[in-house]
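The values are calculated or read from the model by the stated rules, or taken from the named source; none is laboratory data. Remember, predicted model here, so these are calculated numbers, not experimental data. Note that we place each Cβ from the backbone using ideal geometry, even for glycine, and neighbour counts take in every protein chain shown.
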Amino acid sequence: MTPATPAPAVHRPPRAVSLADLQQRVHDGQYGPAPHTLRASVAFTTSQAVHHTGRRGGYRNEVLSLRVGAAVGSCAVEPGTLPARTAEQCAGADVATLLRHPVLPIRIAALDAYLMHTAPHSTTHGASPWPLPAGDSLRKSRARARAVADLLRAAPGERVLVIGVVNSLLEALRERGNHCIPCDLKGGTTEWGETIRTDAHAELGRCDAVLASGMTLANGTFEPLRAHAARTGTRLVMFAQTGSAILPRLLGSGVDAVCAEPYPFFWLDGGPGVVHRYLHRPGGAR
């Protein structure tokens, strides 16, 4: 009888207790090489507009990405808000310098790139790959939404605060019988005509769980959400194109689960793809 192949060992990088703690640990070399020894060889922005066939409205995205070694880290920004010549100024800079940059999205992209380089998404680092099918933009959006919504483990009737409105995510939660409270700094209305709130923190007391975009890292609103979840035990699930390698390092420190989607994102082509799911299990493996 052929002996069973042992499962690969899971190596968990150190867990941080806050975003500031994670940044300090990276600075101190707890996640790998000293940041000043690594450089961003490539910096680029991706700007796109989306209007899925069959949907009433669309949206725009702009993302700053930095390459460190073979890894790419990303941070979404409001379109048109990056300073002029950002890519040129980041290319060739060492990571330590970028981690101290006065522009927050540059700091987040640099931290994400560093952690993608030193702790990439893999089963050995605690990730579970989740395949996305090939198809048009709406099919892939819905497939990703199911991968995210499943992590929330919300019972029918529970109220879910959704920060960073993605209509496919709202659709997936509605299909599960959840009551959604949509929230986004841009405001507006959802595909179903619901008013989108603009003050997430005013809604925290009314929800059973929170589903939040990694863009909260980019606009400085993540840390209060994490602290609230850690203090109250509210489930906080992150879906992350921004900071996909950052948020898994905060599992168990307020973050309950992460659906991590590094560059290239699902909306860039129609081929098959993959997201990486992380789940905090107290007292056991993530």
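Summary table
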{"quantity": "All positions within the range 74-106 that are acidic (Asp, Glu) and surrounded by 15 or more Cβ atoms within 10 Å (Cβ to Cβ)", "calculated": "Glu78, Asp94"}
{"quantity": "Residue among Gly233, Gly273 that alone is surrounded by fewer than 23 Cβ atoms within 10 Å (Cβ to Cβ), within 17 Å of the chain's Cα centre (by Cα) and farther than 18 Å from Met215 by Cα", "calculated": "Gly273"}
{"quantity": "Selection from the range 244-263 of residues that are among the charged types (D, E, K, R) and either surrounded by fewer than 24 Cβ atoms within 10 Å (Cβ to Cβ) or not in a loop (DSSP other than H, G, I, E, B) (or both)", "calculated": "Arg249, Asp256"}
{"quantity": "Looking only at the range 132-164, and only at residues there that are within 14 Å of the chain's Cα centre (by Cα) and surrounded by fewer than 23 Cβ atoms within 10 Å (Cβ to Cβ), the one that is farthest from Asn178 (Cα to Cα)", "calculated": "Ala147"}
{"quantity": "Which listed residue is within 17 Å of the chain's Cα centre (by Cα), hydrophobic (A, V, I, L, M, F, W, C) and buried (at least 24 other Cβ atoms within 10 Å of the Cβ), from Ala119, Ala109, Ala71", "calculated": "Ala109"}
{"quantity": "Among (1) hydroxyl-bearing (Ser, Thr, Tyr); (2) farther than 29 Å from Ser122 by Cα; (3) touching a strand residue (DSSP E or B) at 6+ places or on another chain (Cβ under 8 Å) - the single one Thr216 does not satisfy", "calculated": "(2)"}
{"quantity": "Filter pass, Ile196 being in contact with a Pro (Cβ under 6 Å, 6 or more places away or on another chain) and either of a type in the set (Ser, Thr, Tyr) or assigned by TED's automatic domain parsing to the domain that holds Ile163 (or both)", "calculated": "yes"}
{"quantity": "Conditions (1) touching a Phe, Trp or Tyr at 6+ places or on another chain (Cβ under 7 Å); (2) within 22 Å of Arg281 (Cα to Cα); (3) not hydroxyl-bearing (Ser, Thr, Tyr): number failed by Ala87", "calculated": "(2)"}
